[in-house]
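Chemist: I'd like to ask some things about the structure below.
The values are calculated or read from the model by the stated rules, or taken from the named source; none is laboratory data. This is a predicted model, so every value here is computed, not measured. When we count neighbours, we look across all protein chains shown, and the Cβ atoms used for this are built from the backbone with ideal geometry, even at glycine. All accessible areas refer to the heavy atoms of the entire protein, side chains included, with ligands and DNA or RNA removed. Shrake-Rupley method; radii C 1.70, N 1.55, O 1.52, S 1.80 Å.
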Protein chains: 2
Amino acid sequence: MALLIAIADWDDAAWAEALAVLRARTPLRIWPDLGEPADIRYALAWKPPHGLMASLPNLKAVISMGAGVDHLLADPSLPAVPVVRYSAEDLRLRMRDYIVQNVMMHLRRHADYAAQQRERVWRELAQPLASEVRVGFMGLGNMASGAIEILVAMGFALAGWARSPRHDMPFPVFAGRGQLPAFLERTDILVCTLPLTPETRGILNALLLRGLARGGPLPGPVLINAGRGGLQVEADILACLADGTLHAASLDVFEEEPLPATSPLWAHPRVFVTPHNAAWSSPMAVARFALEQIDIMEAGGTPASLADRARGY
Amino acid sequence: MALLIAIADWDDAAWAEALAVLRARTPLRIWPDLGEPADIRYALAWKPPHGLMASLPNLKAVISMGAGVDHLLADPSLPAVPVVRYSAEDLRLRMRDYIVQNVMMHLRRHADYAAQQRERVWRELAQPLASEVRVGFMGLGNMASGAIEILVAMGFALAGWARSPRHDMPFPVFAGRGQLPAFLERTDILVCTLPLTPETRGILNALLLRGLARGGPLPGPVLINAGRGGLQVEADILACLADGTLHAASLDVFEEEPLPATSPLWAHPRVFVTPHNAAWSSPMAVARFALEQIDIMEAGGTPASLADRARGY
């Protein structure tokens, strides 16, 4: 039995300590050096090449190194083994921190103050209270949960949107495409942590952005996308920023990553670009999670966070 | 009996509705039109000229329009009447929001990501968890209380510093000048909401900044000053930013306000400048607070937040 590590962008130095921890517990193979493919029982993967998993005849499960599994399910030859989503606490907390940071920056109009600072302008701007600002969450899973807890404590006016009705949130949840317009028209700051599936691809487009609240306490609606780049149509976001449909955006993910140097998003004064690390997790935390999940599966149990392949996440 | 409104920088439009509310309850005088000075029993003031209060023979109390009363106590001719500090909930919440916003921006290294964005650089930077970052509060009063509550909930490693020992905080509090070095050497992000008094003037100087933690999880210590400009020595802050003693700063207050266009703080890439509005309060909230305090005093009671003139705040 062996564990395959299949990471597209490998950072040797960052992984040294975590590999030692893994190696102490199980024989390792590091892609592309598979050794005898029949020995490999588990794979810990991030954007592995299509076909790799299908080449492992005794694969029992694949563990994603991120909360999203779109990079695995996109492989049409992926064998019918369990797919485990990464769900460690440090990932959840970092996503919380990214969302809280960006909601607070938009509440306090950081983009506008930064523009004033460049021009050496001392001018107070209207300053809504948190309770006056309506934050809408598209995606109410583990990745959103930490931010929801803090923003509830701060008194923001929250709502959520999900595929199907939810009754476990301390605020209204709109469900399905039918209730999307009602959700959008009460939303000043839209926070997206949706998974990327065939249903959600391109959902953050001009039609959706034009549905956001008008006349709210901020100069215009704000988009925060911490889900996947494939959810957003960047040409639409730029057009909506240009015509005032959207006031500002925080984007951690992009249609193409790294974001090409030619993208106008880099230079937009009201767009905050980060390099897809809203919810970075340490290699050591990933290694520990993988070992825990393997232990559970070897003992015949069900992993902590199994992806539903029909649903797509 | 009349109420005097004495505001140095008057914004007619913003005050129209609040004045109507005040006028419905009490005769008003608006500085510099005093009418008969002997009629004036209360003053609601922001940076009034020295000597004005002494010219009112029947003044019963003066109400500051801000949490700080330094602008009143600096007047050597201020009569020995009660001085009421403004302490409404919207002020407290806005200060909370400013501090949480800025702590989160520094936790998530926004200054460094903004610099990368300007250069179109896609690079992940080390990303500490909140629990790994030590935030130190100088000043533990009403203005800090909202932020403390949220940062405790987020798991930051907090400590405080105060004039005298405190045992009502859910974290260690260092007291007095003697324990200041120990407080500083465990502080990665310093949040200052101290009042300006003869004791605290210039306290945020090079000596203090050089005492902050070295080798912490951020590239260097961070200063957030939301107290008074007179607390800080801007030449020292700039020198400490230049030599790496300080990594970044959020400054809402300045030695001279508005911050002069010639100040190098405007152009520093790791300084966030805001126009002394961390804790703005609406004229309507100020008016309601003043009426409540006048009612209390007219009934012979003690106002909500009386300044201690010996202590200086």
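Chemist: Just by accessible area at a 1.4 angstrom probe, what is the order of B:H50, A:H268 from largest to smallest?
Modeler: Most to least solvent-accessible, the answer reads B:H50, A:H268.
Chemist: Right, something else. Using each residue's phi in the range B:154-160, evaluate 6.51 cos²θ - 1.76 cosθ + 1.60 at θ = phi - 60° and report the 3J(HN,Hα) Karplus result to the nearest Hz, with x for Gly and Pro.
Modeler: In residue order, the calculated couplings are 7, x, 4, 8, 9, 8, x Hz.
Chemist: Place +1 on the Cβ of every Lys and Arg and -1 on the Cβ of every Asp and Glu in chain B, take the dipole about the Cα centre, and give the residue among B:L129, B:L238, B:F272 whose Cα lies farthest towards its positive end.
Modeler: B:L129
Chemist: Per residue of B:101-111, how many C-beta atoms from partner chains lie within 10 Å of its own C-beta, taken as a mean?
Modeler: Other-chain Cβ atoms within 10 Å of each residue's Cβ, averaged: 5.
Chemist: Picking from B:L207, B:L52, B:L158, which is most flexible by a Gaussian network model of chain B using Cα springs under 10 Å?
Modeler: B:L207
Chemist: Related question: Over both sides of the A-B contact, add up the buried accessible area with a 1.4 Å probe and give it to the nearest 100 Å².
Modeler: Approximately 4300 Å², summed over both chains.
Chemist: Going by alpha carbons, how many degrees (0 to 90, nearest 10) lie between the helix axis of B:12-23 and the longest principal axis of chain B?
Modeler: In chain B, helix B:12-23 runs at an angle near 50 degrees to the longest axis.
Chemist: How far, in degrees from 0 to 90, does helix A:89-107 lean away from the longest principal axis of the Cα atoms of chain A, to the nearest 10?
Modeler: Long axis of A:89-107 versus the principal axis of chain A: about 10 degrees.
Chemist: When the accessible area of the protein assembly as shown is split by element with a 1.4 Å probe, what percent falls to carbon and sulfur?
Modeler: Here it works out to 53 percent.
Chemist: Moving to a separate point now. If one takes the longest principal axis of the Cα atoms in chain A, at what angle in degrees, from 0 to 90 and to the nearest 10, does the Cα axis of helix A:142-153 lie?
Modeler: Between helix and principal axis, roughly 40 degrees.
Chemist: With r as the distance between the Cβ atoms of A:A54 and B:Q179 and R0 = 45 Å, compute the FRET efficiency 1/(1 + (r/R0)^6) and round to 0.05.
Modeler: That pair, B:Q179 with A:A54, gives E of 0.10.
Chemist: When only the heavy atoms of the protein chains count and the probe is 1.4 Å, how do B:W10, A:W161 rank by accessible area, highest first?
Modeler: Ranked list, largest accessible area first: B:W10, A:W161.
Chemist: Run through the other copies and list how far each one's label point is from that of B:R288, in nm with one decimal, shortest first; the point sits 7 Å from Cα along Cα-Cβ.
Modeler: 4.7
Chemist: Given the DSSP H assignment, sum -39500 (n - 2.57) over each helix run of at least 4 residues in the protein assembly as shown and divide by its residue total; what's the result at 222 nm in deg cm²/dmol, nearest 500?
Modeler: -8500 deg cm²/dmol
Chemist: May I pose another question? When all protein chains stay in place, what accessible area (Å², nearest 10, 1.4 Å probe) is found for A:R214?
Modeler: For A:R214, the solvent-accessible surface is approximately 130 Å².
Chemist: In debye to the nearest 20, how big a dipole does chain B give about its Cα centre with +1 on each Lys and Arg Cβ and -1 on each Asp and Glu Cβ?
Modeler: For this selection, approximately 680 debye.
Chemist: Excluding same-chain residues fewer than 8 positions from A:K47, which lysines have a Cα within less than 26 Å of its Cα?
Modeler: A:K60
Chemist: Excluding A:L19 itself, calculate the net charge of residues whose Cβ lies under 14 Å from the Cβ of A:L19, where each Lys or Arg counts +1 and each Asp or Glu counts -1.
Modeler: Net of charged neighbours comes to 0.
Chemist: Apply 1/(1 + (r/R0)^6) to the Cβ-Cβ distance of A:L207 and A:A115, taking R0 = 30 Å, and write down the FRET efficiency to the nearest 0.05.
Modeler: That gives a FRET efficiency of 0.55.
Chemist: Expressed in nm to one decimal, what extension gain is obtained for the pair B:R214 and B:R25 from 0.36 nm per residue of sequence separation less their Cα-Cα distance?
Modeler: Fully extending the segment from B:R214 to B:R25 adds 62.4 nm.
Chemist: Multiply the residue separation of A:R166 and A:A38 by 0.36 nm, subtract the distance between their alpha-carbon atoms, and state the gained length in nm to one decimal.
Modeler: So the chain would gain 41.8 nm between A:R166 and A:A38.
Chemist: Scan around B:V173 for amide H atoms under 5 Å from its own, H built in the peptide plane at 1.01 Å from N, and keep only partners 5 or more places away or cross-chain.
Modeler: HN-HN under 5 Å from B:V173: B:G160.
Chemist: Considering Cα pairs under 8 angstrom that are at least six residues apart, work out the relative contact order of the range A:26-171 and quote it in whole percent.
Modeler: Relative contact order for the range A:26-171 comes out at 17 percent.
Chemist: For the range A:1-124, build the charge dipole from Cβ charges (+1 Lys, Arg; -1 Asp, Glu) around the Cα centre, then report which of A:I5, A:L107, A:A38 sits farthest towards its positive end.
Modeler: A:L107
Chemist: In nm to one decimal, list the spacings between the A:A235 label point and its equivalents in the other copies, with label points set 7 Å along Cα to Cβ, shortest first.
Modeler: Nearest to farthest, the other copies are at 5.7 nm.
Chemist: Taking H placed 1.01 Å from N in the peptide plane, check which residues at least 5 places from A:R163 or on another chain put their amide H under 5 Å from its amide H.
Modeler: A:G176
Chemist: List the relative contact order of chain A as a percent without decimals, with contacts defined as Cα pairs under 8 Å and 6+ residues apart.
Modeler: After rounding, I find 17 percent.
Chemist: Can you give me the long-range amide H partners of A:A61? Hydrogens built in the peptide plane at 1.01 Å from N, cutoff under 5 Å, separation of 5 or more residues or another chain.
Modeler: Excluding prolines and chain starts, which carry no amide H, the hits are A:A43.
Chemist: Relative to the other copies, what are the label-point distances for B:S77, with labels 7 Å from Cα along the C-beta vector, expressed in nm at one decimal and sorted shortest first?
Modeler: With the label placed 7 Å along Cα→Cβ, B:S77 yields 9.1 nm.
Chemist: Is the shape of the range A:269-312 best called rounded, prolate or oblate, per the rule: a/c under 1.5 gives rounded, else a/b larger than b/c gives prolate, else oblate, with a ≥ b ≥ c the square roots of the Cα gyration tensor eigenvalues?
Modeler: Oblate, because a/c is 1.5 or more while a/b does not exceed b/c.
Chemist: Hey, another quick one. Give a quick list of GluC sites (Glu not before Pro) in the range A:203-295 that DSSP marks as loop, anything other than H, G, I, E or B, with at most 12 other Cβ atoms within 10 Å.
Modeler: A:E256
Chemist: Separate question: Quick one: Karplus J couplings for the range A:34-41, per residue in order, coefficients 6.51, -1.76, 1.60, θ = phi - 60°, nearest Hz, x for Gly and Pro?
Modeler: Result, ordered by residue: 7, x, 7, x, 5, 6, 7, 10 Hz.
Chemist: From the protein chains alone at 1.4 Å, what is the descending order of accessible area for B:R120, A:R210, largest first?
Modeler: Result, largest first: A:R210, B:R120.
Chemist: For the range B:1-83, what is the accessible area per residue in Å² when the probe is 1.4 Å?
Modeler: In whole numbers, the range B:1-83 has 44 Å² accessible per residue.
Chemist: What is the sum of charges, Lys and Arg at +1 and Asp and Glu at -1, for the other residues whose Cβ falls under 13 Å from the Cβ of A:Y313?
Modeler: Taking every Cβ under 13 Å from that of A:Y313, the sum is +3.
Chemist: Still on this structure, I have one more. Tell me, what HN-Hα J-couplings in whole Hz come from the Karplus equation 6.51 cos²θ - 1.76 cosθ + 1.60 at θ = phi - 60° for each residue of the range B:239-254, using x for Gly and Pro?
Modeler: Karplus-based 3J(HN,Hα) across the range B:239-254 equals 5, 5, 5, 5, 9, x, 4, 10, 8, 7, 8, 10, 10, 9, 10, 9 Hz.
Chemist: Taking a spot 7 Å from the Cα of A:A14 along the direction of its beta carbon, which residues of the range B:119-136 have an amide N less than 20 Å from it?
Modeler: B:120-133
Chemist: While we're looking at this one, here's another question. Within 12 Å, Cβ to Cβ, of A:M297, how many net charges do the neighbouring residues add up to if Lys/Arg are +1 and Asp/Glu are -1?
Modeler: Net charge around A:M297: -1.
Chemist: What residue among B:A261, B:A235, B:A287 shows peak mean-square fluctuation when chain B is described by a Gaussian network model with Cα springs under 10 Å?
Modeler: B:A261
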